[in-house]
Amino acid sequence: MVANGLSMIRPVVLVLGPHRAALSGVSTHLNTLFVSPLAREFALVHFQVGSEGRIENGLARVLRLLVSPFALAVAIFAHGAAIVHLNTSLNLRAYWRDLAYLIVAKLCGTRVVYQVHGGLLPQHFFRRSRVLCGFLRATLRVADVIVVLAQSELAAYRAFVPAQPVVAVPNAIDCTRYTALTRPRSPASASRARLHLAFLGRLAREKGLYELLQAVRAARAQGVQTRLTIAGGGPEEGTLKRYALALDLAPDVEFVGPVFGKAKLKLLGAADVFVLPSYNEGLPYALLEGMAAGAAVVSTPVGAIPDVVADGVHGLLVPPQDTAAIARAITHLAANRDLLARMSAACRSRIAGAYSIERLSESLHRIYSELSQIKPMRTRLQS
């Protein structure tokens, strides 16, 4: 980078996370950072951790886990990294794995951004052991700043480690591809037309897909005509397909596998409602994308979802694992197409205004800039 004829060296940030081609929310987060304006001000270097995107046997995995922290130390010195941005989540597997990276990064003299992508709140993580709870608190204090996705997480982490800088930086998307989408106008007979539902994500039990299928059948029993498109892959795919057949939902449910690019835009642009009845979440990119495309939302108030979705404004929030509530939400939206249209417009406005890639870049730029000055930042970062 050159400014006023003088060469300016961009601070190097090692960004830790899974393979960038892996199908995961954290991979999407990494890819967003690397194409954001942030990458023009800081030299972002990816350092792969975790098993996502790898093909390896048990022995290879053990060797990788042993060698990888040393490889991080080599990468820090080879690139002259000023900051290590560790993307993790508060579950047992990720916590213990990433603790090694946290310690190595600090021993090498770098500043550490410890970004938590969901999982349990810290108060609940080791709740059965006071010793382990104290150990978690001590390790969280090693990081220079903790970044969370949701306001509920912000309050929980600040209460758990009150002297530690904790900031909320929600996920974001590139809104430009969605603003160009033109949603079809509802016909005069819209109240009798099929309601198009879309799910996009990992096909796992905790996503609430079994309850969703039951709700579609319950809504049909009340005369509501729906078309549910389920996009994604995962461990429950085969079982879900068989369950849909057992519920006699073959004419109403379509499994299309993972979708990308234009296929994803087409799917979301055609959806009246984006459904995500998950048991737990961080801040799903699919939710942001669905709303940016103008789909109203039926979801559970978990993780950061209540920060994004106002009940009755952008969609309807239902309790986790509540089939009847999901069915009522679907039925209500199918019968109120004017409300659905208002929710659609509100969703697009919400994402463009608060969850754009530019906003994410500004938030992390502020954190990176303060940390790269190598000064005590705790008071400022808490604000």
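The values are calculated or read from the model by the stated rules, or taken from the named source; none is laboratory data. Computed from a prediction, not measured in an experiment: that's the story for all the values here. Methodologically, a virtual Cβ is constructed for each residue, glycine included, from the backbone with ideal geometry; neighbour enumeration extends over all protein chains shown.
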Inset, instruction - May I ask you to say which residue of Ala163, Ala159, Ala138, Ala180 is free of Cβ contacts under 8 Å to residues at least 12 places away in the same chain and farther than 26 Å from Gly50 by Cα? - result: Ala180
Legend entry - Residue in the range 232-249 that is farthest from Glu206 (Cα to Cα), counting only those that are touching a helix residue (DSSP H, G or I) at 6+ places or on another chain (Cβ under 9 Å) and among the charged types (D, E, K, R): Asp248
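If you check Gly119 against the conditions, is it modelled with pLDDT under 95 and either closer than 19 Å to Val167 by Cβ or assigned by TED's automatic domain parsing to the domain that holds Ala43 (or both)?
Numbers: modelled with pLDDT under 95: yes; either closer than 19 Å to Val167 by Cβ or assigned by TED's automatic domain parsing to the domain that holds Ala43 (or both): yes.
Yes; evaluated as a whole, the condition is true for this residue.
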Inset, instruction - Find the residue count for the range 74-109, including only residues that are surrounded by 14 or more Cβ atoms within 10 Å (Cβ to Cβ), under 15 Å from Phe47 (Cα atoms) and out of contact with any His (no Cβ under 8 Å at 6 or more places or on another chain). - result: 16
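Kindly provide the set of residues from the range 141-165 that are outside any helix (DSSP H, G or I) and within 16 Å of the chain's Cα centre (by Cα), ordered by number.
Of the residues in the range 141-165, the ones outside any helix (DSSP H, G or I) are 141-150, 161-165.
If the condition is that a residue be outside any helix (DSSP H, G or I) and within 16 Å of the chain's Cα centre (by Cα), then Val147, Val148, Leu149, Ala150 are the ones that fit.
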Inset, instruction - Kindly indicate whether any position in the range 310-320 is in contact (Cβ under 8 Å) with a residue 60 or more places away in the chain and buried (at least 21 other Cβ atoms within 10 Å of the Cβ). - result: no
Inset, instruction - Look through the range 171-197, keep the residues that are touching a helix residue (DSSP H, G or I) at 6+ places or on another chain (Cβ under 6 Å) and hydrophobic (A, V, I, L, M, F, W, C), and return whichever of them is modelled with the lowest pLDDT. - result: Ala190
Inset, instruction - Could you please find all residues in the range 260-297 being more than 16 Å from the chain's Cα centre (by Cα), without any contact (Cβ under 8 Å) to a residue 40 or more places away in the chain and not in a loop (DSSP other than H, G, I, E, B)? - result: Gly261, Lys262, Ala263, Lys266
